[in-house]
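Engineer: Below you will find the structure I want to go over with you.
The values are calculated or read from the model by the stated rules, or taken from the named source; none is laboratory data. Remember, predicted model here, so these are calculated numbers, not experimental data. Virtual Cβ from ideal backbone geometry, glycine too; neighbours counted across all protein chains shown.
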Amino acid sequence: MDNIEARFNLSFSNFNLDVNIKIPCQGVTAILGHSGSGKTTLLRCIAGLDYVKNGFLSYGGEVWQNEKFLLPTNKRPLGYVFQEAHLFPHLNVLENIGYGLKRTKTLNEVINLDQIIGLLGINGILTRRPEKLSGGEKQRVAIARALAVNPRLLLMDEPLASLDTKLKQEVLPYLQKLHNELKIPILYVTHSPQEVSQLADYLIVMKSGKVLANGPLSETFSKTGLPVYLGDEIGVIIEGIIGEIDTKWNLVRIDFDGGILWVPDNEQMILNQKVRTRIIARDVSIAKKEPEKCSIQNKLSGKIVQILNDQHKGKLLIYVSIGGSVFVSRLTRKASSELALTVDDHVWVQIKSVAIL
Amino acid sequence: MLLDDNDIQTICLTLKLASITTIILLIIGTLLAWWLTHSKRKWKKIINAIVALPLVLPPSVLGFYLLLAMGPNGFVGKITNALGISPLPFTFSGLVVASVLYSLPFMVQPLNNAFESIGKRPLEVAATLRASPLDAFFSVILPMALPGYLTASILTFAHTVGEFGVVLMIGGNIPGKTRVSSVQIYDHVEALEYAAAHRLALVMVIFSFLVLLALYIWNPKSKKE
Amino acid sequence: MFIVFFMLCLLSSSAYAEKITIAAAADLKYAMDKIVKVFKKNHPLEDLEVIFGSSGKIFAQIQQGAPYDLYFAADISYPQELSKNGFASSDVKLYAIGKIVLWSTTHNASKMTLTDLKDTKIKHIAIANPKHAPYGKRAQEALEATKVWNDIKSKIVYGDNIVQTAQFVQSGNADIGIIALSIAMNPELSNQGAHWPIPDNLHKPLEQAYIITKRAANNKLARKFADFMETTPAREIMIKYGFVLPKERDQTKNPGKK
């Protein structure tokens, strides 16, 4: 598998970046972090928009930057979606999309223009001027424009951050479609764990210019050090398929590696469809014995693999492996001590709520 | 006829001077304004102040120093002499050089504002869309800065048409070469030919009004509002 | 600090009761400054200021009500016109005859004549604008009388007034110029180049006259300064700067021209 190798090291009094990572040239890699964590700077360095002296960058073995050489941005086979759409105001939608297309020499046609336009649903607005578009439409056009240059790597810098919740919901499905239908690797910078869990295959977590964790999504999401950082949002992502749709109770059954989960049917589910769910640690409780007559439907048994301190002094994070999956539960120290939980204990977990993403 | 041949000659000369000055300043002004917008050097503030100086200096003072500088003993004069160019005072080229300096802020400042408000981002966007910096300048920045260019060109043109003190100091008032309309009006007034002065002044007022009117009608910025 | 300065400005303008403004032609620049200096020494309590400009400009300004009390023109026709239209409160009084000279900082003008101006080495000849500057008009007449005007016309550059014309030459931009003797006699310029007096018979006389304006009809100081111009110290200064003076104390009147 090809990799993007990036080594950047720079330090200012108020900011530094110290990165040495390999990113797979495949799927969506989310770069998650707070503002000031260096995630955007890393993306800009990869695009060649920012320059770090003595940095190194290669894409699938092809060197884009070393001590002696810097490939200028316009010669790198990438697409870039900025936080704001930044459409060219003097060009209409089609001309905006055509801007990069005209300047692209390598027409290896991974995707063609019609496909892009269809994928992003901008057929009806091609002759409009940017000032006549809604925020969501603008961002979709910006994505189409970035894709039209046939990039071998798509970089997205918080493409949803400038949109309100409603518009986010409008654009997000298109991003998921990109993910599902295109073979282009995407680096996706965000500060929203929600977006990460909905889109990413791989995750890089950054803090103060350093990479905290780096790897496949669910693994990284529950990795050491991260829980503290993710605060309230700590949780896990479980992928599975729809095994049954129960029309009587309006529930669907998700089969995953380790068991089943029942979740309310949102009436968009199709049998055997792949789905992704997010389970937040505070919604997971632990019992030593199998609970009986409980209102909570989803209960699973497994083994404690790790116990970590939470950000809050009175709480702990308990990692339980169930089949091939890991669940995280947040408990008070008191509760944990009363149950006398230790690693390798067999326990039951109860899950209060599951969100389908 | 409203104007006599001499007056028409001065008008043609004035328009020629203003056009050439505007064209030269479009190039110099773009480079300078671009540098001022994007340079991070601390001493660019000094350059900024120097560019704005002609706004403050009385034109006669500027003209006097240009006369000294361009003269055979001045440093510009020594350079032109070494290059085998005849001295600039009392020549049309000299007027062009002086007008370029005198009207510099009228070109640079609106362009600087336009570039500032466009910012760096469109250039970055263009770069990610395979456009080289030069390509990006012409295909993105130029169209985006068009209202700024329009304002800058009209201001420069109009300001050069209205230039008087500097021309009087270094032009030598030579018919067909350096006698522009503003000087001609002044001469009419000084010679107590008020009627002739009124006529020429009226033509200039109407001309300037039409130019400015065109600016306000055509400027896309004002249209949007 | 600023306010104190501002108040001082206000005070100083109201401190004197009587004050006159003299408007003088540019050729008088150096001579008039000297004369005013001497006058002030003799009358330390009087306040007067002088502004210089081209005769034509001052003429137009007085017609528009400019607050000038005395007008010393470089050509008698201007005060005559003002007098005719009721802007004067005195007779038109001749005070000097001007002279024009060839002057250069790069050539020895004292050894040249007007025909030498045809020399191809001379690229630019500065004269005052004949259209409105009396000294320029006389320069053109002299060049025409010598029959060189048409040959050198293309080399001529026009100064707005006689002082600026001298500036063109002084800065080296014009090789040579025709300026007022009174300007060429100023030490600052005479140190830089010699001059050749252009014979009087080549042009009409440069009769310079003054008037007291209508607004100063009852102004004693204006009268006093006008009288001072007739005294020996003032006349000596005028002569020193190359002016020819009317002989008798009472040779007023206009020699009736134009």
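Engineer: Determine whether C:LYS121 is within 14 Å of chain B (Cβ to nearest Cβ), surrounded by 17 or more Cβ atoms within 10 Å (Cβ to Cβ) and either among the acidic types (Asp, Glu) or out of contact with any Ser or Thr (no Cβ under 8 Å at 6 or more places or on another chain) (or both).
Structural biologist: Details: within 14 Å of chain B (Cβ to nearest Cβ): yes; surrounded by 17 or more Cβ atoms within 10 Å (Cβ to Cβ): no; either among the acidic types (Asp, Glu) or out of contact with any Ser or Thr (no Cβ under 8 Å at 6 or more places or on another chain) (or both): yes.
It is false that C:LYS121 is within 14 Å of chain B (Cβ to nearest Cβ), surrounded by 17 or more Cβ atoms within 10 Å (Cβ to Cβ) and either among the acidic types (Asp, Glu) or out of contact with any Ser or Thr (no Cβ under 8 Å at 6 or more places or on another chain) (or both).
Engineer: Sticking with this one: Of the residues in region B:129-143, how many are of a type outside the set (Ser, Thr, Tyr), in a helix (DSSP H, G or I) and buried (at least 18 other Cβ atoms within 10 Å of the Cβ)? Before you say what the answer is, go through the steps one by one.
Structural biologist: Residues of region B:129-143 of a type outside the set (Ser, Thr, Tyr): B:129-131, B:133-138, B:140-143.
With the extra rule that they be in a helix (DSSP H, G or I), the set shrinks to B:133-138, B:140-143.
Applying the additional criterion that residues be buried (at least 18 other Cβ atoms within 10 Å of the Cβ) yields B:136, B:140-141.
Within region B:129-143, residues that are of a type outside the set (Ser, Thr, Tyr), in a helix (DSSP H, G or I) and buried (at least 18 other Cβ atoms within 10 Å of the Cβ) number 3.
Yes or no, residue by residue, for (1) modelled with pLDDT of 90 or more; (2) surrounded by fewer than 22 Cβ atoms within 10 Å (Cβ to Cβ):
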| residue | (1), (2) |
| --- | --- |
| C:LEU10 | no, yes |
| C:ALA24 | yes, no |
| C:TYR78 | yes, no |
| C:SER83 | yes, yes |
| C:ALA96 | yes, no |
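Engineer: Still on this model: Considering region C:140-169 alone, what residues qualify as being closer than 19 Å to B:VAL180 by Cβ, more than 14 Å from the chain's Cα centre (by Cα) and not in a strand (DSSP E or B)?
Structural biologist: Once the filter is applied, which keeps residues that are closer than 19 Å to B:VAL180 by Cβ, more than 14 Å from the chain's Cα centre (by Cα) and not in a strand (DSSP E or B), region C:140-169 yields C:SER154, C:PHE168.
Engineer: Would you tally the residues in region C:38-55 being among the hydrophobic types (A, V, I, L, M, F, W, C) and under 14 Å from C:PHE72 (Cα atoms)? Steps first, please.
Structural biologist: Applying the first criterion (among the hydrophobic types (A, V, I, L, M, F, W, C)) to region C:38-55 yields C:38-39, C:45, C:48, C:50-52.
Those still in the list that are under 14 Å from C:PHE72 (Cα atoms) too: C:50-52.
Matching residues across region C:38-55 total 3.
Engineer: Filter region C:74-95 down to residues that are of a type in the set (D, E, K, R) and either part of a helix (DSSP H, G or I) or within 14 Å of chain B (Cβ to nearest Cβ) (or both), then give me how many there are.
Structural biologist: In the first step, residues of region C:74-95 are kept if they are of a type in the set (D, E, K, R); the result is C:75, C:81, C:84, C:91, C:93.
Next, from what is left, pick out any that are either part of a helix (DSSP H, G or I) or within 14 Å of chain B (Cβ to nearest Cβ) (or both): C:75, C:81, C:84.
Number of matching residues: 3.
Engineer: Which residues, counting only those in region C:34-57, are within 14 Å of chain B (Cβ to nearest Cβ) and among the polar types (S, T, N, Q)?
Structural biologist: Listed by number, the residues that qualify are C:SER54, C:SER55.
Engineer: Hey, can you tell me all the residues within region C:222-250 that are farther than 20 Å from C:ALA31 by Cβ and at pLDDT 90 or above? Spell out the reasoning first.
Structural biologist: Filtering region C:222-250 down to residues farther than 20 Å from C:ALA31 by Cβ leaves C:223, C:248, C:250.
C:ARG223 - this is the single residue of region C:222-250 that is farther than 20 Å from C:ALA31 by Cβ and at pLDDT 90 or above.
Engineer: Could I ask something else about it? Which residues, taken from region A:49-76, are surrounded by fewer than 19 Cβ atoms within 10 Å (Cβ to Cβ) and either of a type in the set (Gly, Ala, Ser) or touching a Pro at 6+ places or on another chain (Cβ under 6 Å) (or both)?
Structural biologist: Residues satisfying the conditions are A:SER58, A:GLY60, A:GLY61.
Engineer: Within region B:174-192, which residues are at the interface with chain C (Cβ under 9 Å from one of its Cβ atoms), free of Cβ contacts under 8 Å to residues at least 60 places away in the same chain and out of contact with any Gly (no Cβ under 6 Å at 6 or more places or on another chain)?
Structural biologist: B:TYR186, B:ASP187, B:HIS188, B:VAL189, B:ALA191, B:LEU192
Engineer: If you scan region C:109-149, which residues turn out to be out of contact with any Phe, Trp or Tyr (no Cβ under 9 Å at 6 or more places or on another chain) and among the polar types (S, T, N, Q)?
Structural biologist: C:THR115, C:THR120, C:THR146
Engineer: How about region C:98-129: which of its residues are in a loop (DSSP other than H, G, I, E, B), in contact (Cβ under 8 Å) with a residue 60 or more places away in the chain and of a type in the set (S, T, N, Q)? I'd like the intermediate steps shown before the answer.
Structural biologist: So the first thing to find is which residues in region C:98-129 are in a loop (DSSP other than H, G, I, E, B), and the list is C:99, C:104-108, C:112-113, C:119-124, C:129.
From what's left, in contact (Cβ under 8 Å) with a residue 60 or more places away in the chain: C:99, C:104-108, C:112-113.
Those that are in a loop (DSSP other than H, G, I, E, B), in contact (Cβ under 8 Å) with a residue 60 or more places away in the chain and of a type in the set (S, T, N, Q): C:SER104, C:THR105, C:THR106, C:ASN108, C:THR113.
Engineer: Another question, then. Are any residues in region C:170-186 outside any helix (DSSP H, G or I) and either β-branched (Val, Ile, Thr) or under 13 Å from C:GLY242 (Cβ atoms) (or both), and if so, which ones?
Structural biologist: Taking region C:170-186 and keeping what is outside any helix (DSSP H, G or I), we get C:171-180, C:185-186.
Scanning region C:170-186 gives C:ILE176, C:ILE178, C:ILE179, C:ALA180, C:MET185, C:ASN186.
Engineer: Which residue pairs have Cβ atoms closer than 7 Å, lie 6 or more positions apart in sequence or on different chains, and pair a first residue in region A:1-21 that is in contact (Cβ under 8 Å) with a residue 12 or more places away in the chain with a second residue that is in a strand (DSSP E or B) and acidic (Asp, Glu)?
Structural biologist: Qualifying pairs under 7 Å: A:ASN9/A:ASP18.
Engineer: Further question on the same structure: Residues that are within 26 Å of B:GLY74 (Cβ to Cβ) and crowded, with 22+ Cβ neighbours inside 10 Å: does region C:145-156 have at least one?
Structural biologist: Going through region C:145-156, the residues within 26 Å of B:GLY74 (Cβ to Cβ) turn out to be C:152, C:154-156.
Then keep just the ones that are crowded, with 22+ Cβ neighbours inside 10 Å; that gives C:156.
Yes, there is a match, as at least one residue in region C:145-156 is within 26 Å of B:GLY74 (Cβ to Cβ) and crowded, with 22+ Cβ neighbours inside 10 Å.
Engineer: Having 3 or more residues that are among the small types (Gly, Ala, Ser) is the bar; report the helices (runs of 4 or more DSSP H) wholly within region B:154-225 that clear it. Before the answer, list the steps.
Structural biologist: On the way: elements: B:165-171, B:181-190, B:194-218, B:220-224.
In region B:154-225, the matching helices (runs of 4 or more DSSP H) lie at B:194-218.
Engineer: If you go through region C:58-73, how many residues are within 14 Å of another protein chain (Cβ to nearest Cβ) and either free of Cβ contacts under 8 Å to residues at least 60 places away in the same chain or of a type in the set (Asp, Glu) (or both)? Full working, then the answer.
Structural biologist: Step one: filter region C:58-73 for residues within 14 Å of another protein chain (Cβ to nearest Cβ), giving C:58-64, C:73.
Right, trim to either free of Cβ contacts under 8 Å to residues at least 60 places away in the same chain or of a type in the set (Asp, Glu) (or both) and you get C:58-61, C:63-64.
Final tally of qualifying residues: 6.
Engineer: Right, here's the next one. Please specify each residue of region A:121-178 satisfying the condition of being crowded, with 20+ Cβ neighbours inside 10 Å, among the acidic types (Asp, Glu) and in a loop (DSSP other than H, G, I, E, B).
Structural biologist: Once the filter is applied, which keeps residues that are crowded, with 20+ Cβ neighbours inside 10 Å, among the acidic types (Asp, Glu) and in a loop (DSSP other than H, G, I, E, B), region A:121-178 yields only A:GLU158.
Engineer: Shifting gears a bit: Just one of B:VAL140, B:VAL166 is at the interface with another protein chain (Cβ under 10 Å from one of its Cβ atoms) and either in contact with a Pro (Cβ under 8 Å, 6 or more places away or on another chain) or aromatic (Phe, Trp, Tyr) (or both); which is it?
Structural biologist: Details: B:VAL166 fails: at the interface with another protein chain (Cβ under 10 Å from one of its Cβ atoms).
Result: B:VAL140 is the single residue among B:VAL140, B:VAL166 that is at the interface with another protein chain (Cβ under 10 Å from one of its Cβ atoms) and either in contact with a Pro (Cβ under 8 Å, 6 or more places away or on another chain) or aromatic (Phe, Trp, Tyr) (or both).
Engineer: Residues to consider are A:GLY240, A:GLY209, A:GLY225, A:GLY231; find the one that is surrounded by fewer than 18 Cβ atoms within 10 Å (Cβ to Cβ) and either touching a strand residue (DSSP E or B) at 6+ places or on another chain (Cβ under 7 Å) or at pLDDT 85 or above (or both). Break it down into steps so the answer makes sense when it comes.
Structural biologist: On the way: A:GLY240 fails: surrounded by fewer than 18 Cβ atoms within 10 Å (Cβ to Cβ); A:GLY209 fails: surrounded by fewer than 18 Cβ atoms within 10 Å (Cβ to Cβ); A:GLY231 fails: either touching a strand residue (DSSP E or B) at 6+ places or on another chain (Cβ under 7 Å) or at pLDDT 85 or above (or both).
That would be A:GLY225, the only listed residue that is surrounded by fewer than 18 Cβ atoms within 10 Å (Cβ to Cβ) and either touching a strand residue (DSSP E or B) at 6+ places or on another chain (Cβ under 7 Å) or at pLDDT 85 or above (or both).
Engineer: Residue check: is C:VAL92 modelled with pLDDT of 90 or more, buried (at least 21 other Cβ atoms within 10 Å of the Cβ) and in the same structural domain as C:LYS57 (by TED's automatic domain parsing)?
Structural biologist: On the way: modelled with pLDDT of 90 or more: yes; buried (at least 21 other Cβ atoms within 10 Å of the Cβ): yes; in the same structural domain as C:LYS57 (by TED's automatic domain parsing): yes.
When the stated conditions are applied, C:VAL92 passes them.
Engineer: Quick one: in region B:94-114, which of the residues that are buried (at least 24 other Cβ atoms within 10 Å of the Cβ) and of a type in the set (A, V, I, L, M) is farthest from B:VAL61 (Cα to Cα)?
Structural biologist: The extreme case among them is B:LEU111.
Engineer: Out of B:GLY171, B:GLY119, which single residue is within 14 Å of chain C (Cβ to nearest Cβ) and either among the small types (Gly, Ala, Ser) or surrounded by 18 or more Cβ atoms within 10 Å (Cβ to Cβ) (or both)? Walk me through how you get there before you give the answer.
Structural biologist: Details: B:GLY119 fails: within 14 Å of chain C (Cβ to nearest Cβ).
Testing whether each residue is within 14 Å of chain C (Cβ to nearest Cβ) and either among the small types (Gly, Ala, Ser) or surrounded by 18 or more Cβ atoms within 10 Å (Cβ to Cβ) (or both) leaves just B:GLY171.
Engineer: Return a yes/no flag: does region A:307-316 have any residue that is under 18 Å from A:GLY258 (Cα atoms) and either surrounded by 14 or more Cβ atoms within 10 Å (Cβ to Cβ) or among the acidic types (Asp, Glu) (or both).
Structural biologist: So in region A:307-316, the residues under 18 Å from A:GLY258 (Cα atoms) come out as none.
Among the residues of region A:307-316, not one is under 18 Å from A:GLY258 (Cα atoms) and either surrounded by 14 or more Cβ atoms within 10 Å (Cβ to Cβ) or among the acidic types (Asp, Glu) (or both), which makes the answer no.
Engineer: Further question on the same structure: Could we say that B:LEU66 is closer than 20 Å to B:THR160 by Cβ, within 14 Å of another protein chain (Cβ to nearest Cβ), out of contact with any Gly (no Cβ under 7 Å at 6 or more places or on another chain) and aliphatic (A, V, I, L, M) here? Let's see the steps before the verdict.
Structural biologist: On the way: closer than 20 Å to B:THR160 by Cβ: yes; within 14 Å of another protein chain (Cβ to nearest Cβ): yes; out of contact with any Gly (no Cβ under 7 Å at 6 or more places or on another chain): yes; aliphatic (A, V, I, L, M): yes.
So B:LEU66 fits the description; yes.
Engineer: Scanning for something away from every other protein chain (no Cβ under 14 Å), crowded, with 19+ Cβ neighbours inside 10 Å, in a helix (DSSP H, G or I) and out of contact with any strand residue (DSSP E or B) (no Cβ under 7 Å at 6 or more places or on another chain), does region B:77-93 turn up at least one residue?
Structural biologist: no
Engineer: With of a type in the set (Gly, Ala, Ser) and away from every other protein chain (no Cβ under 13 Å) as the only criterion, which of C:ALA128, C:ALA133, C:ALA180, C:ALA166 stands out?
Structural biologist: Numbers: C:ALA128 fails: away from every other protein chain (no Cβ under 13 Å); C:ALA133 fails: away from every other protein chain (no Cβ under 13 Å); C:ALA166 fails: away from every other protein chain (no Cβ under 13 Å).
Going through C:ALA128, C:ALA133, C:ALA180, C:ALA166 in turn, just one is of a type in the set (Gly, Ala, Ser) and away from every other protein chain (no Cβ under 13 Å): C:ALA180.
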